[in-house]
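Quick notes on the structure that follows.
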Amino acid sequence: MWLRAFLTVAAVAVSPNLAFAHAALVRSSPGSRAVVTRMPDHIDLCFNEAVEVKFSTVQITDEKGTTIPISELKRGADPKCLSATVPPAAAGVYTLKYRVLSQDGHVVEYGYQFTVKEKQPVP
């Protein structure tokens, strides 16, 4: 009896992908720590599994903590991707935070920064 319980726990522990799957960000535009010459007109976040758009949020804030308004999130061309349009914004460091609900019911919250740097004139 104890052996059966031990083997069950061991099987779950060595199979984390089966028991504890979470949506992980695999691609984004702009990317983490990216330096761009203007605010992108849209953001794309792609995960390793499909996420529920209806229960997902994305927020972009500037260095002062002011929220940059973005459009409603939409599913991207790939069902594992989310997309939204972004208005023009000044140069600076921006923080993008997301909260997504994966289809298996797990909530994932994370974020990263990117920088908008004014294009320098060529001498």
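Can you give the relative contact order of the range 21-116 as a percent, counting alpha carbon pairs under 8 Å and 6+ residues apart?
Details: 234 pairs, mean separation 34.8, N = 96.
Once divided by the residue count of the range 21-116, the mean separation gives 36 percent.
Taken about its Cα centre, the range 21-116 carries a charge dipole of roughly 120 debye when the Cβ of each Lys and Arg holds +1 and the Cβ of each Asp and Glu holds -1. What pairs in Lys54/Lys80; Lys80/Lys117; Lys64/Lys119; Lys97/Lys117; Lys80/Lys119 have C-alpha atoms more than 24 Å from each other? Going by Cα-Cα distance, Lys80/Lys117; Lys80/Lys119 fall outside the 24 Å limit. Using θ = phi - 60° in the Karplus curve 6.51 cos²θ - 1.76 cosθ + 1.60, the 3J(HN,Hα) couplings for the range 109-120 round to 10, 6, x, 7, 10, 9, 10, 9, 10, 4, 5, 7 Hz; x is entered for Gly and Pro.
Readers should treat all values here as calculations from the given coordinates under stated rules, not as data from a laboratory. All of these numbers come straight from a predicted model, not from anything done at the bench. For neighbour counting, all protein chains shown are included, and Cβ atoms are generated from backbone atoms with ideal geometry for every residue, glycine included.
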